[in-house]
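Encoded as structure tokens, the structure appears first; notes follow it.
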Amino acid sequence: MRTFATLSLLLFAACTSSAPRTEPAVEEADRARQQQEADNRRRDFRAVLVRLDQAMDSYVQAVSQQGEFRADAQAERLYKLIQETVLDRGAHRPDQVRVKPGETMAVLTARATDGSNPDEQGIALAALGFSGQADVMPTILQGAQLSDPYVVDRAVLGLAVLRAPQTPPGVLEAIVLKAGHPEDGRVQAAWALYRLQQAFERPDPIVAIWKRLLTEHRDLLPGGVLVTAVRGLGLTRDAAHGDLVASFLTHPTPRVRMAAALAIGRMKSQAHWQQLLALIEPQETVQNVRLAAVKALVELAGGVDHKYDIAAWRKTFDRGQG
């Protein structure tokens, strides 16, 4: 046995020693090929990032016109396109380097925590939100707590799109309240909270944030934040918030008055019909505000619609009180 083992080792050594050596030129060519493939992948992924960035900008524009059929259809189409790109689904362009399923997600996740290139980091943070995978939330969340406003805003977009129920709303509230942060970023953080409110099974923490924003901080916030906070309370359909929301029916910003009127109608806060009526009187010069007040009055009246007939509205509600 010992002789056999020794002989075997000798034969193995002979075989290995007689194997042809790799020539330096072959090794160099192999290294060059691998380097070229790596360069191709890097260039391809930069192109992917550019396409994702453009598609996400178009998505945000479409969502900003929510309620219009064409805009809603475009937003849905863009969401699907972005998600397929992030998850390596769908068709690839012929000039793209083929990737394995999950490879794009892996690269995006790595870029999302790499601060050496803030532009790419921001795109990655936003794109991860389109994955639909709640376990990426902590990765996006860390981006929302960085110091670069651009990166923060892209992370906020990712959180708003992902709508993971485990998202801590306090991080978004902090951005809303950060006076030095760009106004559009603060408004977007409020929008992200509104999106999360619709995903939370128990949205009480977000409702508490709306109440704080509309009381303690109301004079320090951009109009866009106030609009979203008022809409958020309206979303609860709880007339207990009626008095707070009604205090914004006379706000100097028309969009805030509109949001307050619609929220009163949604909450069916009957106690405030007279304040809504004031918004269809001649002193209200903004037609969209007047239209919002009529819609709210229709809600309070159970579907009855008197348009801008103030006397008819008074009869309806006086009769209801009687």
* Given the C-alpha centroids of the stretch 66-88 and the stretch 100-145, what is the distance between them in whole angstrom? -> 19
* **Using a Förster distance of 30 Å, the FRET efficiency for ASP204-VAL298 (Cβ separation, nearest 0.05)** => 0.50
* To do: Note down the nm distance, to one decimal, between modelled labels 7 Å out along Cα→Cβ at ARG51 and at HIS217.
  => 3.9
* To do: Would you mind ranking ILE140, ILE82 by Cβ crowding within 10 Å, fewest neighbours first?
  => ILE82, ILE140
* Furthest towards positive pole of dipole, ALA127, GLY143, VAL60, structure part the stretch 41-163, Cβ charges -> ALA127
* Do any of LYS80/LYS211; LYS211/LYS315; LYS268/LYS307; LYS178/LYS268; LYS178/LYS211; LYS80/LYS178 go past 25 Å between their Cα atoms, and which? -> LYS80/LYS211; LYS211/LYS315; LYS178/LYS268; LYS80/LYS178
* Structure fact -> Here the alpha-carbon Rg of the stretch 184-322 over 2.2 N^0.38 Å rounds to 1.05
* Asked: Just in the stretch 202-244: which trypsin sites (Lys or Arg not before Pro) are loop by DSSP and have at most 12 other Cβ atoms within 10 Å?
  -> ARG237
* To do: Using only the C-alpha atoms of the stretch 89-227, find the volume of their convex hull and express it per residue in Å³.
  => 118
* With N denoting the number of residues in the stretch 41-163, provide Rg(C-alpha) divided by 2.2 N^0.38 Å, to two decimal places. => 1.01
* Structure fact -> So for R0 = 22 Å, FRET eff. of ARG70-LYS268 from the Cβ-Cβ r, to 0.05, ends up at 0.10
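Every number in this text was worked out from the coordinates using simple rules, so none of it is lab data. Please read these numbers as outputs of a predicted model, since none were measured by experiment. Note: ideal-geometry Cβ built from the backbone for every residue, glycine included; neighbour counts use all protein chains shown.
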